[in-house]
Number of protein chains: 2
Amino acid sequence: MNDTGESAKKKIKRASTERTAQRDPERTRAAILEAATREFAENGMGGARVDAIAERAGTNKRMLYHYFGDKEQLYLRVLEEAYVGIRTAERALNIGTRNPEDAIGELALFTWRYFLQHPEFLSLLGTENLHRARWLRQSVRLKELHSHLIGELSEVLEEGKKAGVFSETADPLNVYLTIASLGYFYLSNQYTLSTIFGRDLITPDNLDAWERHIVHVTLASIKR
Amino acid sequence: MNDTGESAKKKIKRASTERTAQRDPERTRAAILEAATREFAENGMGGARVDAIAERAGTNKRMLYHYFGDKEQLYLRVLEEAYVGIRTAERALNIGTRNPEDAIGELALFTWRYFLQHPEFLSLLGTENLHRARWLRQSVRLKELHSHLIGELSEVLEEGKKAGVFSETADPLNVYLTIASLGYFYLSNQYTLSTIFGRDLITPDNLDAWERHIVHVTLASIKR
DNA sequence: CCATCAAGTAACTGTTTAGTTACCGGCACG
DNA sequence: CGTGCCGGTAACTAAACAGTTACTTGATGG
């Protein structure tokens, strides 16, 4: 109830003390979030089951509703965390410090490899778009998260134009959409593509080839 | 039961006779298929409701189960029809009759515009990939439908290589995946993209710009 | 050692869902 | 004329579902 210095002190003491592990609210919360990420990624919003999330998290529905309100709020939380994940890792690249051509190549490589290592992120995007960004639109946390990317990319392109290596028509959003398109489609649609074309797209050789293809196409599209 | 000349004659008579319109099996069947296409496209496999499909089709569940067996078989039928639709239209392009550069440009334009005019096809692909092509894999009708595309594309590329306009490394599957990637991602992810980048991707100006971009990128990636 | 309070459990509820069954009505044919 | 068949209706059922409520457990502070 009250958050006096006394109780705060006790909380710190509790948090740093080895406990029986039967109770661990933060752990439970994190477990629910992770379980929900997997469940929503595998089954979509309509197909995900609240009971399944609770079971995967090793807890029960009572805790899920206690920490997250309801299914929709939990889903939004999962989606927000997924975006924070990729944008944070992207920012750490610091593409602005490289020469323009390398910077674009690095961003393409990073994006492809992130998609490859985080299939659940691609699934969540697919689900959210199926619903026309119904939940993402309600998010208040994500408005500023993405502007940094376009800003940095814009600077890199300007630098390249001045140096005479990039075409004057190169546009930052177009460049990012090109990189993301080539990575997203190949991975998210790998199952139908492999089926209809009778060729397993996910073998190491094919993945390597497509990685090189993405870098090649991206640079070919903006070089003078 | 039996399909003698007599009963066949009667069927023809029935089909050509103006009836009370209370009964029309083919119409009902087609209405169910069309309603199911929309329902599955809008809500995915998990989110689609059999009652909603029946209502949209102006009929009821009894007929749906009568014609299509169950929800899963109906879904597969919808998916198969969607693939037949795009591959049939694609074949009519006859890209083999054009000069190589125009042929690739035409294929890119066609694919983009088909995606633009058939959002339900993109949604169905998304849903099917979410489930790792679980139903498509079971389809026996679709094995040969797609080989024609790659064959024709392969011929065009060979012709272009001989003429010296295309790079020797250009690969037919890669070219198609490039075209499809750029169209698919832009449209299927337009909702989250427009939200996070604060720019409406679906305005006529932006659509035109992206159409030109796809053709430009595709050709830039294979030109010598 | 007892009172308190939050973490966690499990059984329950009202609703929705896929799939079924019992029935209706008109048409073709004997 | 009446019998069987087929397109179509609507009410039903069993299971699954999201969300709730009554309860247990165990740590902590007095």
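The values are calculated or read from the model by the stated rules, or taken from the named source; none is laboratory data. Since this is a predicted model, take the numbers as computed values, not measurements. So basically every Cβ, Gly included, is an ideal-geometry build from the backbone, and we count neighbours across all protein chains shown. Just so you know, the surface numbers come from the protein's heavy atoms only, side chains and all, with ligands and any DNA or RNA stripped out. Shrake-Rupley method; radii C 1.70, N 1.55, O 1.52, S 1.80 Å.
Each part reduced to its alpha carbon centroid, region B:20-68 and region B:129-151 end up 24 Å apart.
Once Rh for the protein assembly as shown is found with the Kirkwood sum over Cα pairs, what is the Stokes-Einstein diffusion coefficient at 10 °C and 1.306 mPa s, in µm²/s?
Working: Rh = 24.7 Å.
The calculation lands on 64 µm²/s.
Taking the charge dipole of region B:20-69 about its Cα centre, with +1 at Lys and Arg Cβ atoms and -1 at Asp and Glu Cβ atoms, the residue from B:Tyr67, B:Ile32, B:Met45 reaching farthest to the positive side is B:Tyr67. Largest mean-square fluctuation among B:Glu26, B:Glu152, B:Glu39, in a Gaussian network model of chain B whose springs join Cα atoms under 10 Å apart, belongs to B:Glu26.
Note on region A:67-185: with neighbouring protein chains present and a 1.4 Å probe, carbon and sulfur make up 47 percent of its accessible heavy-atom surface. Net charge dipole, chain B: roughly 920 debye, given to the nearest 20, about the Cα centre with Cβ charges of +1 for Lys and Arg and -1 for Asp and Glu. Note that region B:44-138 carries a Kirkwood radius of 15.4 Å, evaluated over its alpha carbons pair by pair.
Computed over neighbours whose Cβ is under 14 Å from that of A:Asn129, the net charge equals 0, Lys and Arg +1, Asp and Glu -1. Of the DSSP H helices in chain A, those with a Cα length along their own long axis of 24 Å or more and a mean Kyte-Doolittle hydropathy reaching -1.0 comprise A:25-47, A:71-91, A:100-117, A:204-222.
Peptide A:176-184 has a mean of 6 when you count, residue by residue, the C-beta atoms of other protein chains within 10 Å of its C-beta.
Here the gap between B:Ser147 and B:Asn206, fully extended at 0.36 nm per residue and compared with their Cα-Cα distance, gives a gain of 17.9 nm. Charges were assigned to the Cβ only: +1 to each Lys and Arg, -1 to each Asp and Glu. The resulting dipole of the protein assembly as shown about its Cα centre is roughly 1600 debye. Report the FRET efficiency, 1/(1 + (r/R0)^6), for B:Glu34 and B:Glu168, where r is their Cβ-Cβ distance and R0 is 60 Å, rounded to 0.05. My answer for the efficiency is 0.85.
What accessible area per residue comes out for chain A, rounded to a whole number of Å², with a 1.4 Å probe? Each step should come with its number before you reach the end.
Details: 11690 Å² over 224 residues.
Each residue of chain A exposes 52 Å² on average to a 1.4 Å probe.
Averaged over peptide A:128-137, how many Cβ atoms belonging to another chain are found within 10 Å of each residue's Cβ? All intermediate terms of the calculation are to be shown ahead of the outcome.
Numbers: counts 4, 12, 12, 5, 6, 8, 1, 0, 4, 4.
Per residue, the number of nearby Cβ atoms from other chains is 6 on average.
If you look at the Cα atoms of chain B, you get an Rg and a Dmax of 21.6, 67 Å.
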